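All remarks here apply to the structure that follows.
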Amino acid sequence: MRVLFATYPAKTHFHAMVPLAWALRGAGHEVTVAAQPGFASEINQAGLTAVPVGADRSLGRMLEANPALLEELRAEGDAPAAELTWEDVKDEYSESVTWWYKMENVPMVHSLVTFAQRWRPDLVVWEPTTSAGAIAAKACGAAHARLMYTPDSFGLTRANYLRLRPPNPAPGESDTLAEWLASYAGKYGARFSEDMVTGQFTIDHFPDSLRLDAGLTYLRTRYVPYGGAAVVPDWLTTPPRRPRIAITLGMDAFAAELREILGSLAELDVEVVATVPDDRRAALGPVPGNVRLVSYVPLLALVPTCSVVIHHAGAGTLATTSLYGVPQLVLRLSLEGDFDEPELVDGLTGQGAGVAVRPGAGIGTAVRDDVVRLLADPRFRERAAALRAEMLALPSPSESVGELERLAAEHRGR
């Protein structure tokens, strides 16, 4: 097959695609990855062929254009589905179409469709924010699938929207996402169908404890960590003499909270490894003697050496830590992943493999006390081991290729 991956230029989104792209290459299929031009080097770094499409448009520019977007996105996932009403979802959904889907996809649609019509892929794999992939697939007759970088809150949001939408909507309450996708499909001689929103099938690498099921066709596959180019430092090859605690809070970590946390952990007989960008270290001031600051270290090498991992509930960090069976302490200090954080945290803590702490007064003491609890109570490590076993029971990307081929053949031309 010829397989075209389409992604928004964010590492979290793309990195989730890389293991399956490798598996397809290893099985003899042709693979290309389409993204905005400025992301080509990240794709090449993964050993994959990049197809630059459209114009560069970063998430930062989108948020500058509409600062309320972040609050709108948060609102989508906060209320339990059973409590949602049409009034809850209609405005947020419409706003997301305007300031998320359109902002990300409009600059790349025409270029992506043009490439797809020339290259003629058999399958287009797109992550859930790159609807341009579904448009391109319709335009060239390819099968197409969503690949999730996070639990399927997108599919559930769509299911709730359709369930709650009145049979005869009032003026101004049209299905904005369907209308937008239909208008683009029409430009290229195709018609809208609901699979343009959620894929003809969905590739999901989260285990049952962490996933969301929107009642769609899912291809279940194992999560394989990939974090980009990395070098394992010498110190990481030596087993720690004391329990090692990793802290990785994403790009938006708040220096004040981290400083307080590091100070409280200094009271314990542990080794702390904290990932902090070089340009943010000055804000921390002096750090305790049991703390090692690093700008970056590959999680797949660090996590297996740890007794506890403290992080910001990013999907990749949480999944990588789960894969290695390490208890987790989740801090909600970051803006990253806010729309999917509740589901991920509820899944993790409900499974018993970790605990969650909200920022506020006394955050350092709260983290220290929970670290002590995670180290002392064997049930957390037992539940973390059970979560690891659950993930390992899923078929690897290579083992999933055959089923992917079957699904692609089944849906091609529809």
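The values are calculated or read from the model by the stated rules, or taken from the named source; none is laboratory data. Fair warning: this is a prediction, and the values are worked out from it, not measured in the lab. Cβ placement follows ideal geometry from the backbone for every residue including glycine, while neighbour counts extend to all protein chains displayed. Protein only, heavy atoms only, side chains kept; ligands, DNA and RNA dropped before computing areas. Shrake-Rupley method; radii C 1.70, N 1.55, O 1.52, S 1.80 Å.
Of all residues in region 272-283, which are among the aliphatic types (A, V, I, L, M) and either in contact with a Cys (Cβ under 9 Å, 6 or more places away or on another chain) or surrounded by 17 or more Cβ atoms within 10 Å (Cβ to Cβ) (or both)? Within region 272-283, Val272, Val273, Ala274, Val276 meet the criteria.
Name, by its number, the condition in (1) of a type in the set (A, V, I, L, M, F, W, C); (2) at pLDDT 90 or above; (3) within 29 Å of His15 (Cα to Cα); (4) open to solvent by less than 20 Å² (accessible area, probe 1.4 Å) that does not hold for Leu333. Against the list (1) of a type in the set (A, V, I, L, M, F, W, C); (2) at pLDDT 90 or above; (3) within 29 Å of His15 (Cα to Cα); (4) open to solvent by less than 20 Å² (accessible area, probe 1.4 Å), Leu333 comes up short only on (2). Pairs are defined by a Cβ separation below 9 Å, a sequence spacing of at least 6 or placement on different chains, a first member in region 304-322 that is at positive phi, and a second member that is part of a helix (DSSP H, G or I) and of a type in the set (Asp, Glu); the pairs so defined are Ala313/Glu341.
Here the condition is being in contact (Cβ under 8 Å) with a residue 40 or more places away in the chain and more than 30 Å from Arg146 (Cα to Cα); of Trp180, Trp235, it holds for Trp235 alone. Leu323 passes every criterion in (1) open to solvent by 30 Å² or more (accessible area, probe 1.4 Å); (2) within 21 Å of Thr12 (Cα to Cα); (3) of a type outside the set (D, E, K, R) apart from (1). When both residues are 6+ apart or on different chains and their Cβ atoms are under 6 Å apart, which pairs have a first residue that lies in region 269-281 and is free of Cβ contacts under 8 Å to residues at least 24 places away in the same chain, and a second that is part of a loop (DSSP other than H, G, I, E, B) and open to solvent by less than 90 Å² (accessible area, probe 1.4 Å)? Once the first residue is free of Cβ contacts under 8 Å to residues at least 24 places away in the same chain and sits in region 269-281, its partners that are part of a loop (DSSP other than H, G, I, E, B) and open to solvent by less than 90 Å² (accessible area, probe 1.4 Å) give Asp278/Ser295. From the list Glu399, Glu405, Glu343, the lone residue that is open to solvent by 40 Å² or more (accessible area, probe 1.4 Å), within 15 Å of Ala319 (Cα to Cα) and out of contact with any His (no Cβ under 6 Å at 6 or more places or on another chain) is Glu343. When Phe154 is tested against (1) in contact with a Pro (Cβ under 7 Å, 6 or more places away or on another chain); (2) open to solvent by less than 20 Å² (accessible area, probe 1.4 Å), just one condition goes unmet, and that condition is (2). Checked against the criterion of being open to solvent by 40 Å² or more (accessible area, probe 1.4 Å) and among the hydrophobic types (A, V, I, L, M, F, W, C), the candidates Val197, Val224 yield just one match: Val224. Please verify whether region 381-389 includes one or more residues that are open to solvent by 50 Å² or more (accessible area, probe 1.4 Å), of a type in the set (Lys, Arg), out of contact with any Pro (no Cβ under 8 Å at 6 or more places or on another chain) and more than 25 Å from Asp213 (Cα to Cα). No, the conditions are met nowhere in region 381-389.
There is at least one residue in region 137-145 that is in a loop (DSSP other than H, G, I, E, B), closer than 18 Å to Val3 by Cβ and out of contact with any Asp or Glu (no Cβ under 7 Å at 6 or more places or on another chain).
Among Asp175, Asp88, Asp122, which is more than 29 Å from His29 (Cα to Cα) and at pLDDT 90 or above? Spell out the reasoning first.
Numbers: Asp88 fails: at pLDDT 90 or above; Asp122 fails: more than 29 Å from His29 (Cα to Cα).
The conditions single out Asp175.
Out of Thr305, Thr248, Thr217, one residue alone is surrounded by 20 or more Cβ atoms within 10 Å (Cβ to Cβ), within 30 Å of Ser396 (Cβ to Cβ) and either in contact with a helix residue (DSSP H, G or I) (Cβ under 6 Å, 6 or more places away or on another chain) or not charged (D, E, K, R) (or both). It is Thr248.
Per-residue answers, yes or no, for (1) of a type outside the set (Asp, Glu); (2) in contact with a helix residue (DSSP H, G or I) (Cβ under 7 Å, 6 or more places away or on another chain); (3) at negative phi:
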{"residue": "Pro169", "(1), (2), (3)": "yes, no, yes"}
{"residue": "Leu177", "(1), (2), (3)": "yes, yes, yes"}
{"residue": "Glu194", "(1), (2), (3)": "no, no, yes"}
{"residue": "Thr198", "(1), (2), (3)": "yes, yes, yes"}
{"residue": "Phe201", "(1), (2), (3)": "yes, yes, yes"}
{"residue": "Asp208", "(1), (2), (3)": "no, yes, yes"}
